[in-house]
Amino acid sequence: MSKSCQSCGMPMKKDPQGGGSNADGSKNNEYCSLCYASGAFTQPDFTAEDMQRFCVEKISECGIPRFVARLFTRNIPKLHRWSA
């Protein structure tokens with residue numbers, strides 16, 4: 001299992017579902033349940049930059065300053081989904 005989602009970078013231990021799901025219903029250990037469900041990405045048209053903006057918004061909604069949220073998301077373009 002990856003330590004973090006290879007799409008958004010969220011720590012997998014923070015995923016309430018414990019990982020995404022493959023088309024056959026099995027667990028996907030590379031992507032979180034917010035990014036990957038039923039064998040497909042939940043935001044298939046996102047670019048790495050779109051994902052960074054989306055994550056910064058979600059993180060800042062939790063009361064974390066935007067500059068900190070940007071630090072948390074700076075490595076998104078290097079994750080497996082975006083480097084392939």
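Things worth noting here:
- In segment 43-84, the residues that are within 22 Å of Ser33 (Cβ to Cβ) and aliphatic (A, V, I, L, M): Ala48, Met51, Val56, Ile59, Ile64, Ala69, Ile76, Leu79, Ala84
- Of all residues in segment 63-73, those satisfying the criterion of being in a helix (DSSP H, G or I), free of Cβ contacts under 8 Å to residues at least 40 places away in the same chain and of a type in the set (A, V, I, L, M, F, W, C) are Phe67, Val68, Ala69, Leu71.
- Of all the listed residues (Ser33, Ser60), the sole one being part of a loop (DSSP other than H, G, I, E, B) and either surrounded by 13 or more Cβ atoms within 10 Å (Cβ to Cβ) or modelled with pLDDT under 95 (or both) is Ser33.
- Pick from segment 6-30, criterion assigned to a loop (DSSP other than H, G, I, E, B) and of a type in the set (S, T, N, Q), ranking: surrounded by the most Cβ atoms within 10 Å (Cβ to Cβ): Ser7
- From the list Ser21, Ser38, the one residue that fits, being at pLDDT 95 or above and in contact with a Lys or Arg (Cβ under 8 Å, 6 or more places away or on another chain), is Ser21.
Condition check ((1) more than 12 Å from Cys8 (Cβ to Cβ); (2) in contact with an Asp or Glu (Cβ under 9 Å, 6 or more places away or on another chain)) across all residues:
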| residue | (1), (2) |
| --- | --- |
| Lys27 | yes, no |
| Leu34 | no, yes |
| Phe41 | no, no |
| Ala48 | no, no |
| Cys55 | no, no |
| Pro65 | yes, no |
| Asn75 | no, no |
| Lys78 | yes, no |
| Ser83 | yes, no |
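- Selected residue (only one of Gln52, Gln43 is touching a helix residue (DSSP H, G or I) at 6+ places or on another chain (Cβ under 9 Å) and crowded, with 19+ Cβ neighbours inside 10 Å): Gln52
- Among residues of segment 61-77, those that are aliphatic (A, V, I, L, M) and under 13 Å from Asp50 (Cα atoms), counted: 1
- Residues considered: Phe54, Phe46, Phe41, Phe67. Of these, the only one that is aromatic (Phe, Trp, Tyr) and over 20 Å from Ser83 (Cβ atoms) is Phe67.
- Residue among Cys8, Cys32 that is closer than 15 Å to Ile76 by Cα and either in contact with a Gly (Cβ under 9 Å, 6 or more places away or on another chain) or aliphatic (A, V, I, L, M) (or both): Cys32
- When each of Arg74, Arg81 is tested for being under 12 Å from the mean Cα position of the chain (by Cα), basic (Lys, Arg) and at pLDDT 95 or above, the lone residue that passes is Arg81.
The values are calculated or read from the model by the stated rules, or taken from the named source; none is laboratory data. These figures come from a predicted structure and were not determined experimentally. All Cβ positions, glycine included, derive from the backbone under ideal geometry; neighbour counts span all protein chains shown.
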